[in-house]
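Trainee: Right, I'll just put the structure down here and ask away after.
The values are calculated or read from the model by the stated rules, or taken from the named source; none is laboratory data. These figures come from a predicted structure and were not determined experimentally. When we count neighbours, we look across all protein chains shown, and the Cβ atoms used for this are built from the backbone with ideal geometry, even at glycine.
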Ligand code: ADP
Ligand code: MG
């Protein structure tokens, strides 16, 4: 099991940024740096004069590091301190962390618990985040499920207090934290006057402005069953695009795939879908919804995205069938030029336009692929 896992984490990523000479201008004024943060490689690209762009890249990493220290499982993180106080009444946390926990609870309400930020004990059992997953016993899963309960968590964002009423409860913000870090990064970039930038946090991508005037950023969506293949390309400006997939962190045991997005009802990995791509105006929503829709499955997931204003989705189910929400065809095109299967919610808007580059040309223009490594540190 371990060996399969290790070989898996070396493959390239959930989403890929395409720098096509035909769609971008000269890229000499793009300043780019990669660092390991929040359990993944984060690549920050800023367009502008060298000095200013370099400064902006540094400021973005500083901010994302700060978010990591608030939300990760590091012993010293704000979140770890809150988790350590479970069952001991209300605890004073950083108001920023309390606000994010409050938002994660809103997504739990909005999705009827498909997004559940109280899966800490269960996630720790499966141990995907630490990079050494294992198949737990049914009894262990049952015990971990007894410790969840987003309905019982209370938050006062203004004072920054959080209450985890039961002992051994623990919050896991892994389904939302990267999206939040992108929102914070965007604020930094706006403050510095950056008009064109792209941040890829292991497949959660923020596109600021356009790559060059009139040429939006182009993001390739990975084929869930072929690490070297793309199934679609999104064309974006000022949007966040996030993919949650069963191919990012997984192992295979006796022919069955086990991955890191968990069904809070059963305690086992959510079935039915291979990948969910969400495009939204902000990172928190895109990240939380991608995780939630994965858990909800194709039908309920598409309904949920359809009814959420200004959000679009692109889903691939367990048979490889693709589903778009009604506005997604304007933003994403499949690479084979075939219109995706009619979505069960709305069949009206399929562009069916062929993707303008054939497969090999697409790969020839591939400049960057960010691996999704999974070495989020976990406290004891
Ligand atoms: P990634 O962080 O790999 O891009 P996701 O955003 O989908 O993927 O988040 C998956 C992470 O969220 C898991 O590693 C775990 O920490 C947490 N998680 C797993 N299942 C759920 C769930 N049903 N609701 C909320 N968070 C979850
Ligand atoms: Mg997510």
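Trainee: Which of the residues spanning the range 277-295 are outside any helix (DSSP H, G or I) and either touching a helix residue (DSSP H, G or I) at 6+ places or on another chain (Cβ under 8 Å) or closer than 16 Å to residue 177 by Cβ (or both)?
Mentor: Those that are outside any helix (DSSP H, G or I) and either touching a helix residue (DSSP H, G or I) at 6+ places or on another chain (Cβ under 8 Å) or closer than 16 Å to residue 177 by Cβ (or both): 277, 278, 279, 280, 282.
Trainee: If you scan the range 190-208, which residues turn out to be in contact (Cβ under 8 Å) with a residue 60 or more places away in the chain and within 20 Å of the chain's Cα centre (by Cα)?
Mentor: Those that are in contact (Cβ under 8 Å) with a residue 60 or more places away in the chain and within 20 Å of the chain's Cα centre (by Cα): 197, 198, 199, 200, 201, 202, 203, 204, 205, 206.
Trainee: Next up: Can you list the strands (runs of 3 or more DSSP E) found entirely within the range 202-243 that contain at least 1 residues being within 16 Å of ligand 2 (Cβ to nearest atom)?
Mentor: Filter on the range 202-243 gives 204-208, 217-223.
Trainee: Moving on. Looking at 318, 286, can you tell me which residue is in contact (Cβ under 8 Å) with a residue 12 or more places away in the chain and surrounded by fewer than 17 Cβ atoms within 10 Å (Cβ to Cβ)?
Mentor: Going through 318, 286 in turn, just one is in contact (Cβ under 8 Å) with a residue 12 or more places away in the chain and surrounded by fewer than 17 Cβ atoms within 10 Å (Cβ to Cβ): 318.
Trainee: Here's another thing I want to ask about it. Of the numbered conditions (1) at pLDDT 95 or above; (2) under 30 Å from residue 53 (Cβ atoms); (3) within 16 Å of ligand 1 (Cβ to nearest atom), residue 203 satisfies every one except a single condition; which is it?
Mentor: Among (1) at pLDDT 95 or above; (2) under 30 Å from residue 53 (Cβ atoms); (3) within 16 Å of ligand 1 (Cβ to nearest atom), the lone unmet condition for residue 203 is (1).
Trainee: Quickly run through the range 27-47 and pick out the residues that are over 26 Å from residue 221 (Cβ atoms) and either out of contact with any helix residue (DSSP H, G or I) (no Cβ under 8 Å at 6 or more places or on another chain) or at pLDDT 95 or above (or both).
Mentor: Matches in the range 27-47: 28 only.
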